[in-house]
Structures are given as C-alpha cells and as structure tokens.
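Read the structure below first, then the notes.
The values are calculated or read from the model by the stated rules, or taken from the named source; none is laboratory data. Remember, it's a predicted structure, so these values are computed and weren't measured experimentally. Cβ placement follows ideal geometry from the backbone for every residue including glycine, while neighbour counts extend to all protein chains displayed. Calculation scope for accessible area: heavy atoms of the full protein, side chains included, ligands and nucleic acids excluded. Shrake-Rupley method; radii C 1.70, N 1.55, O 1.52, S 1.80 Å.
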Amino acid sequence: MSLLQRSVDRSATELAAYAPEMLLDLKREATEALATAKAHADLVDKALALRYSQIAQAQRLAAGKDTGSVTFSDGPIRISVELPKKVEWDQTVLSRIVSRIQAAGEDPSEFVEVTYKISESKYNAWPASMRSSFDAARTLKVGKATFRLSLPGEGA
C-alpha cells in the first residue's frame with residue numbers, strides 16, 4: 001500500500017507532522033496519481049466525443065441551434081451533451097463603436113460594459129508619482145500558495 005493510500009483518511013494537521021521526506025514522497029505520489037487520473041479522464045472524454053459528438057450535433061441541428069445542451073439515450077444510458085458558447089469581442093472595434101455612441105450624444109453604458117485593466121508589469125514600471133494616482137483603484141488579492149518539495153540536487 002502506498003504512502004498516499006495510507007494517508008488518505010488523515011487530516012492535514014496529521015500530515016503536517018510527517019517528516020519532510022515523507023511529505024516529499026506524499027506530494028510526488030499525489031502529483032503522479034493526479035496526472036494519471038487526468039490522463040484517464042481525458043481518454044474517456046475523447047472516447048465519449050468519438051461516440052456521441054455526431055449524434056449531439058445532429059440533435060442540435062434538428063433543434064435549430066449551434067450550441068447549448070441536447071439529451072438523448074444510448075440503450076439504458078441517458079446522455080447529455082453541453083456545447084457552451086464562447087463569445088469574444090474585438091476590443092478595437094468595440095472602442096470605435098463606443099466612441100460613435102458617445103459622439104451621437106448617447107450613453108454607451110446602456111449598451112456596452114467597459115472594463116479597465118492595467119498590466120501589473122506596466123504598473124510596476126511607472127514612476128511612483130504616476131502609480132500613486134492609480135493606487136486608490138488598485139486592490140491586491142493573493143491566490144493559493146503553491147509548495148514544491150525537492151531533495152538537494154533536484155530541480156527546484
């Protein structure tokens with residue numbers, strides 16, 4: 001039985017008490033198990049796509065839609081296939097449209113959502129005097145910490 005299998009019912013507090021070498025082994029086993037499970041899931045997803053994509057496309061076509069959800073049966077199994085929409089907007093073209101709306105005396109916020117972003121690398125390259133005028137609009141949030149363990153001589 002692997003260390004990962006023996007540790008599955010333990011709490012994070014219990015695991016934190018493990019020797020560093022055990023934590024390294026546990027992290028390696030978990031990473032390998034995750035990669036294996038992802039590869040298996042990807043393989044099954046490819047098989048499902050091979051088996052059901054054409055049927056789902058025909059169902060969508062019959063329903064007069066390019067995207068969305070369709071449901072059908074294969075023997076006793078009910079299959080639902082979701083093909084989501086992914087819309088992307090050309091920012092340059094939208095900017096010109098917003099300018100025309102403003103020039104016509106209309107409020108573009110009735111039609112378009114505008115989001116302002118500043119690249120963090122550009123912000124950090126600005127002089128402090130320029131950054132200070134933007135600081136009130138900036139909130140720094142942190143993500144989840146990532147821990148990498150290795151033995152001396154291994155890549156970090």
* Structure fact -> For Ser69, other-chain or 5+-apart residues with amide H closer than 5 Å (H placed, Pro excluded) are Leu83
* Rg/Rh for region 1-72: what does it come to with C-alpha atoms and Rh from Kirkwood? -> 1.33
* List the chymotrypsin sites (Phe, Trp or Tyr not before Pro) in region 98-156 that DSSP assigns to loop (not H, G, I, E or B) and whose Cβ has at most 16 other Cβ atoms within 10 Å. Which are they? -> Phe111, Tyr116, Phe147
* To do: Give a residue-ordered list of calculated ³J(HN,Hα) values for region 2-10 (Karplus: 6.51 cos²θ - 1.76 cosθ + 1.60, θ = phi - 60°; whole Hz; x for Gly, Pro).
  => 6, 4, 4, 5, 6, 9, 4, 9, 8
* **Relative pair counts by distance (%), Cα atoms of the chain, 10 Å bins** => 7, 16, 16, 21, 25, 12, 2, 0
* To do: Please work out the C-alpha center-to-center distance from region 2-21 to region 95-156 and express it in whole Å.
  => 39
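With the Cα gyration tensor of region 39-121 in hand, give its eigenvalues times 5 under a square root as the equivalent ellipsoid semi-axes, listed largest first in whole angstrom.
Square roots of five times the eigenvalues give 42, 19, 9 Å.
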* Structure fact -> Percent of all Cα-Cα pairs per 5 Å bin for region 32-74, counting from 0 up to the last occupied bin, reads 5, 21, 21, 17, 13, 11, 8, 4, 1
* To do: With a 1.4 Å probe and all protein chains in place, put Met1, Met130 in order of accessible area, largest first.
  => Met1, Met130
* To do: Apply the Karplus parameterisation 6.51 cos²θ - 1.76 cosθ + 1.60, with θ equal to phi minus 60°, to every residue of region 100-112 and state each ³J(HN,Hα) to the nearest whole Hz, in sequence, with x for glycine and proline.
  => 5, 4, 5, 5, 7, x, 9, 9, x, 5, 6, 10, 10
* **Hz values of 3J(HN,Hα) by residue in region 55-63 - Karplus curve (6.51, -1.76, 1.60), Gly and Pro given as x** => 5, 5, 5, 5, 5, 4, 4, 5, 8
* Structure fact -> For region 25-93 the GluC sites (Glu not before Pro) that pass both the DSSP coil test and the at-most-14 other-Cβ-within-10 Å test are Glu88
